[in-house]
Each structure stands twice: as structure tokens, then as C-alpha cells.
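Chemist: Below is one structure. I have some questions about it.
Bear in mind that the values in this text are calculations on the coordinates, not laboratory data. Everything numeric in this text was worked out from a predicted model, so none of it was measured. As a convention, Cβ positions derive from the backbone with ideal geometry for all residues, glycine included, and neighbour counts pool all protein chains shown.
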Amino acid sequence: MNLTLVIFIIAAYLIGSLSFAVIVSRVMGLADPRSYGSNNPGATNVLRSGNKKAAALTLLGDALKGWVAVFIAQQLAPTFGLGATPVFEQTIAAVALAVTIGHMWPIFFSFKGGKGVATAAGILLALNGWLGLATLGIWLFVAKGLKISSLSAIAAAIAAPFLCWWLLPVPVYIAAVIAISALLIVRHKQNIIGLLSGKEGKIGEKA
């Protein structure tokens, strides 16, 4: 593997390892989101603290890091000899997957990370604006109707590969989106159990 590509992947993983749920909660003097509710360091769980500002900042930070990792790679890849079409696409796909893995298993926080919903949204927006907006639209539609964040995320994750095939039909990007969606669904295992048993919490429910 090209050394430059390895550096891009490591950098993306480290960016993904910045868990904004934990960082924002510490800065604002709130309890660690891994200690209450679903124990998930994500915006939905931070919202259970009752602090909407902290939840919004978490959502923004996690989405932004996904977007930044991909965007920076898109801008710098040609400068570092990774600009040829197949290599460029492989680099961006690898970075997208690496920042996702960093979020889910962050080296800075004992490898205990979030489920990747906001970060995936940022990634998709960087890959293709319409792809990101269409996926977000599905999340919002389900969330507005059912008020269940996990179900919204799972629905969006299932739809994302098909939307990518339609809006950004690049095989390596489709493969990356499939992998990210699969990881996101696996990270929602407990939520799926909760949904099937009728015990899954709703958006805004306090811990």
C-alpha cells in the first residue's frame, strides 16, 4: 500500500477519534454521556441530559469531522500524487471508512465511541451534496413521523447505498457506503433489540 495513502487513512482515523459527545460534555461540565441513558457518546444521548445546546454542538462536531476528513483528502490527494482517477477514488473511499471507524472505536477514548450517524452524514455530504441531503431527508422523515432516532438512522443506512448507486455511481464509493451502513447498523444492535421488544426510547426522552 502506498505510504501516502496510509498517512491519509491514519489522519482520518485520528480525526474520527475526536468524540465530540465526550469533549462537549466535559467542557460544559456535564456528565460523561457514556455513563447514562444508552451509554452512547452521541448527540441523541447527550440530548437526554436535557442540554439541547450540548446535543446540537455534539451533532455539529461529529458531522463536521466526517465532512472535514473527506474534504481535506479530496483537496490534498492530487497534491500528494493520489490524483489519478482510480487512486483518488480509492483514497477518498478509504478515508471515509477510516473516519467512521475512528468515531466508532476512538483511540483517544478507550475505543468506546458512538454509532456513527452524524459522522456518516458529514461523509455523505462531502462525497456528494445531493447524496447527503437525500439521506438526511430520509432520516428526518422517519424521525418526524416516529420520533425514534435509532429507527431513523437504520432506515437512512439501508437507503444510503441505493442513493449512492443512483446519485454517485462510482463502484468504490458504493462499496464504502455499504461498509459504513453495515457498521452503523451493527452498532445499533441493542437498539434493534429494543425496537423489536417495543422498549426503544424516543428522541428527547430524558435519561
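Chemist: Taking only the range 158-203 into account, find how many residues are among the polar types (S, T, N, Q) and surrounded by fewer than 16 Cβ atoms within 10 Å (Cβ to Cβ).
Modeler: Kept after step one, since they are among the polar types (S, T, N, Q), are these residues of the range 158-203: 181, 190-191, 197.
Then keep just the ones that are surrounded by fewer than 16 Cβ atoms within 10 Å (Cβ to Cβ); that gives 190, 197.
Final tally of qualifying residues: 2.
Chemist: Between residues in the range 46-72 that are surrounded by fewer than 21 Cβ atoms within 10 Å (Cβ to Cβ) and residues that are aromatic (Phe, Trp, Tyr), which pairs lie under 8 Å by C-beta distance while being six or more apart or on different chains?
Modeler: As it stands, the answer is ARG48/TYR36; SER49/TYR36; LEU57/PHE20; LEU60/PHE20; GLY61/PHE20, since those pairs meet every condition given.
Chemist: Are there any pairs with C-beta distances below 6 angstrom linking a residue in the range 9-31 that is more than 12 Å from THR100 (Cα to Cα) to a residue that is of a type in the set (Phe, Trp, Tyr) and surrounded by fewer than 20 Cβ atoms within 10 Å (Cβ to Cβ), with the two at least 6 apart or on different chains, and if so which?
Modeler: VAL22/PHE109
Chemist: When the residues of the range 104-118 are narrowed to those that are outside any helix (DSSP H, G or I) and surrounded by fewer than 21 Cβ atoms within 10 Å (Cβ to Cβ), which ends up farthest from the chain's Cα centre (by Cα)?
Modeler: Among those that are outside any helix (DSSP H, G or I) and surrounded by fewer than 21 Cβ atoms within 10 Å (Cβ to Cβ), it is SER110.
Chemist: Still on this structure, please answer the following. For the range 119-138, how many residues are under 13 Å from ALA93 (Cα atoms), part of a helix (DSSP H, G or I) and without any contact (Cβ under 8 Å) to a residue 60 or more places away in the chain? Let's see the steps before the verdict.
Modeler: At the first step, the residues of the range 119-138 found to be under 13 Å from ALA93 (Cα atoms) are 120, 123-124, 126-128.
Adding the requirement that they be part of a helix (DSSP H, G or I) leaves 120, 123-124, 126-127.
Narrowing further to those that are without any contact (Cβ under 8 Å) to a residue 60 or more places away in the chain: 123-124, 127.
The total comes to 3.
Chemist: Tell me, yes or no, whether the range 157-175 has at least one residue that is within 23 Å of LEU47 (Cα to Cα), out of contact with any strand residue (DSSP E or B) (no Cβ under 9 Å at 6 or more places or on another chain) and small (Gly, Ala, Ser). Spell out the reasoning first.
Modeler: Let us first name the residues in the range 157-175 that are within 23 Å of LEU47 (Cα to Cα), namely 157.
Add one more test, that the residue is out of contact with any strand residue (DSSP E or B) (no Cβ under 9 Å at 6 or more places or on another chain), and what stays is 157.
The next check asks that each one be small (Gly, Ala, Ser); those that pass are 157.
Within the range 157-175, one or more residues are within 23 Å of LEU47 (Cα to Cα), out of contact with any strand residue (DSSP E or B) (no Cβ under 9 Å at 6 or more places or on another chain) and small (Gly, Ala, Ser).
Chemist: Related question: Give the residue, chosen from ILE123, ILE101, that is under 12 Å from the mean Cα position of the chain (by Cα), more than 17 Å from CYS164 (Cα to Cα) and surrounded by 16 or more Cβ atoms within 10 Å (Cβ to Cβ). Outline the logic, then answer.
Modeler: Numbers: ILE123 fails: more than 17 Å from CYS164 (Cα to Cα).
Result: ILE101 is the single residue among ILE123, ILE101 that is under 12 Å from the mean Cα position of the chain (by Cα), more than 17 Å from CYS164 (Cα to Cα) and surrounded by 16 or more Cβ atoms within 10 Å (Cβ to Cβ).
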